[in-house]
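The values are calculated or read from the model by the stated rules, or taken from the named source; none is laboratory data. Because the structure is predicted, anything quoted here is derived from the model rather than measured. Quick reminder, even Gly has a Cβ in these numbers, built from the backbone with ideal geometry, and neighbours come from all protein chains shown. Protein only, heavy atoms only, side chains kept; ligands, DNA and RNA dropped before computing areas. Shrake-Rupley method; radii C 1.70, N 1.55, O 1.52, S 1.80 Å.
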Amino acid sequence: MKGKLIVLEGIDGSGKSTQFKLLKERLTLEGRPFRSVTFPRYDKDSSALIRSYLGGEFGSDPGDVSAWAASVFFFVDRYASFKTDWGEYYNNGGLVLCDRYTTSNAIHQGAKLEPSRLGGFLDWLFEFEYTLMELPKPDAVLYMDIDLKTSLDQLCGRQSSDGSVGDIHETHADYLENCLRAGDFSAAHLGWRRISCLRDGAMRTQSEIHGDVYKIVKELL
Ligand code: ADP
């Protein structure tokens, strides 16, 4: 019996990792068994091409690598992860939570395309990853619904507080705007569950947002 695969998705700075952590803590507290994966897995060999790409080795502009080529780099890491880490657990009925998944290609690589090409790209992406390569389809994708200004503010706060340097995606505000466009399109096109992060134009508290995330996850279990 197949398990459940639940994905948290959103543009950079949308608060997705924060919500992922809160969700894991809550399920752990409840004693609910699960496995979790955060993509990309930067510490694994399978992410070598992702690191080259995000580090700018193939060009300093995200558009220097086509949406299709970059999607394959990210797919390889997910495939290795499925095969060596959580595939068996999932195939035996386990609950798997993912911070990013195939759906991140929809957003970050879809961002490179004209709106008229996005639908065709999504068709290719899901045919490739789920049908041909047989990665499991998520049971639900929870999409952090946010605006550009708030996500940029949150990214700025994060970069200055933890001292990290942004990758070629994070340092291009225009790119982030295109990610939001691709994410909003994908959410509508693919039926992702929207998690409202804003109220009256301001970020809701982490625990308010967590309440919504948790409610949807509980419905699925
Ligand atoms: P992502 O994983 O989507 O890039 P993060 O979870 O890392 O986003 O959040 C980006 C920044 O915003 C972090 O500094 C985080 O502490 C902060 N943050 C996340 N959620 C909220 C919230 N609801 N209110 C205020 N700040 C938040």
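For GluC sites (Glu not before Pro), the sites in the stretch 1-60 that DSSP calls loop and that have at most 13 other Cβ atoms within 10 Å are Glu57.
Computed over the stretch 40-137, the alpha-carbon pair-distance distribution with 5 angstrom bins reads 2, 12, 23, 24, 19, 12, 5, 2, 0, each value a whole percent. At an R0 of 25 angstrom, the distance between the Cβ atoms of Asp45 and Thr18 translates into a FRET efficiency of 0.30. Students often get this wrong, so check it: of Lys44/Lys149; Lys2/Lys137; Lys16/Lys218; Lys21/Lys218; Lys4/Lys24, which have C-alpha atoms separated by over 21 Å? Correct reply: Lys44/Lys149.
Between His189 and Asp174, 0.36 nm times their residue separation minus their Cα-Cα distance comes to what? Don't skip to the answer; put the middle values down first.
On the way: separation 15, 0.36 × 15 = 5.40 nm, distance 2.25 nm.
Additional length available on full extension: 3.2 nm.
How much accessible surface area, in Å² rounded to 10, belongs to the heavy atoms of Thr18 with a 1.4 Å probe? Surface accessible to solvent at Thr18 totals approximately 50 Å².
Estimated translational diffusion coefficient (Stokes-Einstein, Kirkwood radius over Cα pairs, 25 °C, 0.890 mPa s) of the stretch 4-220: 139 µm² per second. A cut-off of 5 Å between modelled amide H atoms, ignoring neighbours fewer than 5 places along the same chain, links Ala140 with Leu5, Val7. By a 1.4 Å probe calculation restricted to protein chains, Ser52 has an accessible surface near 20 Å², given to the nearest 10. The chymotrypsin sites (Phe, Trp or Tyr not before Pro) of the stretch 18-49 that meet both conditions, a loop assignment by DSSP and at most 14 other Cβ atoms within 10 Å of the site Cβ, are Tyr42. Using +1 on the beta carbon of Lys and Arg, -1 on that of Asp and Glu, and nothing else charged, what's the dipole of the chain about the Cα centre, debye to 20? The dipole of the chain has a size of about 800 debye. With unit charges on the beta carbons (Lys and Arg positive, Asp and Glu negative) and the dipole taken about the Cα centre of the chain, which residue among Ala111, Thr150, Ser17 sits farthest to the positive side? Going by the Cα projections, it comes out as Ser17. With a simple spin-label model that places each label point 7 Å from the Cα along the Cα-to-Cβ direction, the separation between Leu148 and Asp200 comes to 2.5 nm.
What stretch of the chain, leaving out the sites themselves, is the longest with no trypsin sites (Lys or Arg not before Pro) in a DSSP loop having at most 15 other Cβ atoms within 10 Å? Intermediate values should be presented prior to the final figure.
Values: sites that count: Lys2, Lys44.
With a cap of 15 other Cβ atoms within 10 Å, the longest stretch comes to 45-221.
Out of the DSSP beta bridges found with both residues in the stretch 4-220, what percent are antiparallel (nearest 5)?
Just about 10 percent of them are antiparallel.
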